[in-house]
1. GLY143 - would you say it is within 21 Å of the chain's Cα centre (by Cα), within 26 Å of ARG41 (Cβ to Cβ) and open to solvent by less than 60 Å² (accessible area, probe 1.4 Å)?
2. So, in region 1-55, how many residues would count as being surrounded by 11 or more Cβ atoms within 10 Å (Cβ to Cβ), assigned to a loop (DSSP other than H, G, I, E, B), at pLDDT 80 or above and not acidic (Asp, Glu)?
3. Could you please find all residues in region 56-66 being open to solvent by less than 30 Å² (accessible area, probe 1.4 Å) and either over 17 Å from PRO265 (Cβ atoms) or in a loop (DSSP other than H, G, I, E, B) (or both)?
4. What pairs can you find where one residue is in region 179-197 and at pLDDT 90 or above and of a type outside the set (Gly, Ala, Ser), the other is surrounded by fewer than 19 Cβ atoms within 10 Å (Cβ to Cβ) and in a loop (DSSP other than H, G, I, E, B), and their Cβ atoms are less than 6 Å apart, with a gap of 6+ or different chains?
5. Name the residues in region 201-221 that are open to solvent by 30 Å² or more (accessible area, probe 1.4 Å) and among the β-branched types (Val, Ile, Thr), would you?
6. So, in region 68-116, of the ones that are modelled with pLDDT of 85 or more and among the basic types (Lys, Arg), which residue ends up least open to solvent (accessible area, probe 1.4 Å)?
7. Exactly one of (1) over 30 Å from ILE288 (Cα atoms); (2) hydroxyl-bearing (Ser, Thr, Tyr); (3) in contact with a Phe, Trp or Tyr (Cβ under 9 Å, 6 or more places away or on another chain) is unmet by SER23. Its number?
Amino acid sequence: MLQLFHNPKIDFMSKRRMWVGVSLSLVAISLVILGTKGIHRGIEFEGGAEVQLQYAATPDVGAVRDTLGKAGFAGSLVTTIGKPEEHEVYIRVPLVPGAKDQDLAPRVVASLKSAQGAEAFVVRSQSYIGPTVGKELVKKALGAVLGSMAGMLVYIWIRFEFQWGLAAVIALVHDTIITLGLFSLFGYEMSLPVVAAFLTLVGYSVNDTVVIFDRIRENLRAKGGTVASLPELINTSMNQTLSRTILTSLLTWIVCAFLFALGGPALRDFSFVMVVGIVVGTYSSIYIASPFLVVWQEWLGARSKKKAALEAPRVVAKKVRAGKV
């Protein structure tokens, strides 16, 4: 197996409170951004029209975009699709206030024919998505994301323990909020492919977390199920899986970075989520999910001591009544 680091001994847990503080700050900032800027939703959620055209010659995407802007179709997305020699253009137009929604796609085609000539292109397809359908898609998208998180909680609960599943879900919520905050900050558009990107990140991040959890469990079993220091055991486990974590995440991130840089406008929103989410997800597997196990153990320990302190006077009183003291 390829090892990026040879016998690393990084003390991750000693800085856990600092990194948890950083994460809480980033989550708070992301929530403020989402609350003030919101998320720019695509036509799948807001309603609009999609048109696919095939030009007789190489199309000028900039000219098409300018023509639509002058015709009153602000915010239109225009991009080439398919093979370059096929000269195909894909257009997405949001709903225009005050216009008849059903006529949106035909009016887009008519405005382009008026400016470029009727022989410049042929219409391959055109469709309309109403606002009612968009609202239904919003509900289904939210249901898919929340359902996937609930499924991950149950899966890890069954495979490990409840608190391990809870730790993974907390890390997922952390990843989703921070990625959404940056997504909103840079003004990208929420669409069905972007929802697919978030679902991909849920699976990817949990897979990374499960690998670390599996090693923690193996090391815990090797010590007979009990350890003097859980943070030390977690440090050992994360150092043992560090090369795998970095290599897997780095290679996937490089592919997504190239997709973001070279994939064009049609893939920009999707690839942005992947580029940011992989970094945040890798970070949370190390500094959010695993430290939560330590926090849980500390909470259980404090709870046991408090219970013992409350029970001590009762035990003494019982012994006095029994004449044993």
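The values are calculated or read from the model by the stated rules, or taken from the named source; none is laboratory data. These numbers were taken from a predicted model, which means no experiment stands behind them. Here the Cβ is made from the backbone with ideal geometry for all residues, glycine too, and neighbour counts use every protein chain on show. Surface areas here come from the heavy atoms of the whole protein model, side chains and all, with no ligands, DNA or RNA. Shrake-Rupley method; radii C 1.70, N 1.55, O 1.52, S 1.80 Å.
1. Yes.
2. Total meeting the criteria: 3.
3. Correct list: PRO59 only.
4. none
5. Selection gives VAL211 alone.
6. This residue is ARG92.
7. Against the list (1) over 30 Å from ILE288 (Cα atoms); (2) hydroxyl-bearing (Ser, Thr, Tyr); (3) in contact with a Phe, Trp or Tyr (Cβ under 9 Å, 6 or more places away or on another chain), SER23 comes up short only on (1).
Residue by residue, here is whether (1) over 19 Å from ALA289 (Cβ atoms); (2) surrounded by fewer than 18 Cβ atoms within 10 Å (Cβ to Cβ); (3) among the aliphatic types (A, V, I, L, M); (4) under 17 Å from the mean Cα position of the chain (by Cα) holds:
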{"residue": "LYS223", "(1), (2), (3), (4)": "yes, yes, no, no"}
{"residue": "SER229", "(1), (2), (3), (4)": "no, yes, no, no"}
{"residue": "SER243", "(1), (2), (3), (4)": "no, yes, no, no"}
{"residue": "ILE246", "(1), (2), (3), (4)": "no, yes, yes, no"}
{"residue": "THR252", "(1), (2), (3), (4)": "no, yes, no, yes"}
{"residue": "CYS256", "(1), (2), (3), (4)": "yes, no, no, yes"}
{"residue": "ALA261", "(1), (2), (3), (4)": "yes, yes, yes, no"}
{"residue": "ALA266", "(1), (2), (3), (4)": "yes, yes, yes, no"}
{"residue": "VAL273", "(1), (2), (3), (4)": "yes, no, yes, yes"}
